[in-house]
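Student: Could you have a look at this structure, given as structure tokens, before my questions?
The values are calculated or read from the model by the stated rules, or taken from the named source; none is laboratory data. Small disclaimer: the values here were computed from a predicted structure and weren't measured. Every residue, glycine among them, receives a Cβ derived from its backbone with ideal geometry; neighbour counts consider all protein chains shown.
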């Protein structure tokens, strides 16, 4: 019974999920938006019907996650500035995540940057933006993942975002293309834009993973300002108890009090994971 009780306490402690956030760039005071070509805008641009973006968040950007146990990413939030678009925009959105040791995009023998392959889908949904309703206003985009993504310690995170319009003409015709606020962290994003073919279809073709300007790709794109929500486990106390119970002369009574093994009072104890009865 005592072993069952200890196991129950351990399971309860392990199930305790704590919450944290990582802010990439100055999200809440962001002032810079990318003012170059529309294909250099991550995670998307509403100027064309089909876009894809891949972003590498390295351990430097994810420093607040390092050292924590059982990290699971639960939500991504981005922010864009609507400079005057007035269409209703509809997009099917898919998000993929991958843990990697890479900190940058690979370059092939011809000097062409390479997209990452992707297959772990964590979000699949639809979104609608009425640009006229947020005319000249900042807006946030939040994606609560369908399935939390487990990120091992010491790994970078690759996020792939795919946006597809059902109508290939559903692009912004207004004054701007709703650029996203940037973090100042350049060369850790790559983008794909097209008015007829999805990034998923492109990724299944023979040319993938090449990224060239003729494909409407941006290869040195800044990371957008991002907030990443995650959960983690507080396993430090459990580890300390396990280490303590492994010591030859350490005993715990049913109240969790620690005793030296010499001259134990009568009672029931746990010693090296075993029940010990002292009469």
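Student: For the range 236-267, which residues satisfy the criterion of being loosely packed, with under 14 Cβ neighbours inside 10 Å and either modelled with pLDDT of 80 or more or over 30 Å from residue 18 (Cα atoms) (or both)? First the steps, then the outcome.
Tutor: We begin by selecting, within the range 236-267, every residue loosely packed, with under 14 Cβ neighbours inside 10 Å; these are 236-237, 239-240, 242-244, 246-249, 254-258, 260, 262-263, 265-266.
Hits for the range 236-267 are 248, 249, 257, 258, 260, 262, 263, 265, 266.
Student: Can you name the condition, by its number, that residue 214 falls short on among (1) surrounded by fewer than 18 Cβ atoms within 10 Å (Cβ to Cβ); (2) under 30 Å from residue 84 (Cα atoms); (3) in contact (Cβ under 8 Å) with a residue 12 or more places away in the chain?
Tutor: (3)
Student: Hey, residue 74 hits all of (1) farther than 22 Å from residue 222 by Cβ; (2) exposed (fewer than 15 other Cβ atoms within 10 Å of the Cβ); (3) under 15 Å from the mean Cα position of the chain (by Cα) but one; which does it fall short on?
Tutor: The single condition residue 74 does not satisfy is (2).
Student: Kindly establish whether residue 191 is outside any helix (DSSP H, G or I) and farther than 29 Å from residue 26 by Cβ. So that I can check it myself, show each step before the final result.
Tutor: On the way: outside any helix (DSSP H, G or I): yes; farther than 29 Å from residue 26 by Cβ: no.
Judged against the criteria, residue 191 is not a match.
Student: Please go through (1) within 21 Å of residue 140 (Cβ to Cβ); (2) surrounded by 17 or more Cβ atoms within 10 Å (Cβ to Cβ); (3) modelled with pLDDT under 95 for residue 68 and return the number of the only condition it doesn't satisfy.
Tutor: (1) is the only condition that residue 68 fails.
Student: In the range 132-153, how many residues are in a loop (DSSP other than H, G, I, E, B) and either outside the structural domain of residue 201 (by TED's automatic domain parsing) or within 26 Å of residue 220 (Cα to Cα) (or both)? Step through it out loud before you land on a result.
Tutor: Of the residues in the range 132-153, the ones in a loop (DSSP other than H, G, I, E, B) are 135-137, 151-153.
Narrowing the set further to residues that are either outside the structural domain of residue 201 (by TED's automatic domain parsing) or within 26 Å of residue 220 (Cα to Cα) (or both) leaves 151.
Looking only at that region, the number is 1.
Student: Residue check, residue 153 against (1) closer than 27 Å to residue 72 by Cβ; (2) modelled with pLDDT under 95; (3) touching a helix residue (DSSP H, G or I) at 6+ places or on another chain (Cβ under 6 Å), all met but one. Which one?
Tutor: Condition not satisfied by residue 153: (3).
Student: For the range 154-188, which residues satisfy the criterion of being within 24 Å of residue 71 (Cα to Cα) and outside any strand (DSSP E or B)?
Tutor: 154, 155, 183, 185, 188
Student: Right, residue 28: exposed (fewer than 13 other Cβ atoms within 10 Å of the Cβ) and either at pLDDT 95 or above or more than 28 Å from residue 168 (Cα to Cα) (or both) or not?
Tutor: Working: exposed (fewer than 13 other Cβ atoms within 10 Å of the Cβ): yes; either at pLDDT 95 or above or more than 28 Å from residue 168 (Cα to Cα) (or both): yes.
Yes.
Student: Only one residue in 115, 80 is buried (at least 19 other Cβ atoms within 10 Å of the Cβ), over 16 Å from the mean Cα position of the chain (by Cα) and closer than 24 Å to residue 229 by Cα. Which one? Full working, then the answer.
Tutor: Details: 115 fails: closer than 24 Å to residue 229 by Cα.
Selected residue: 80, the only one of 115, 80 that is buried (at least 19 other Cβ atoms within 10 Å of the Cβ), over 16 Å from the mean Cα position of the chain (by Cα) and closer than 24 Å to residue 229 by Cα.
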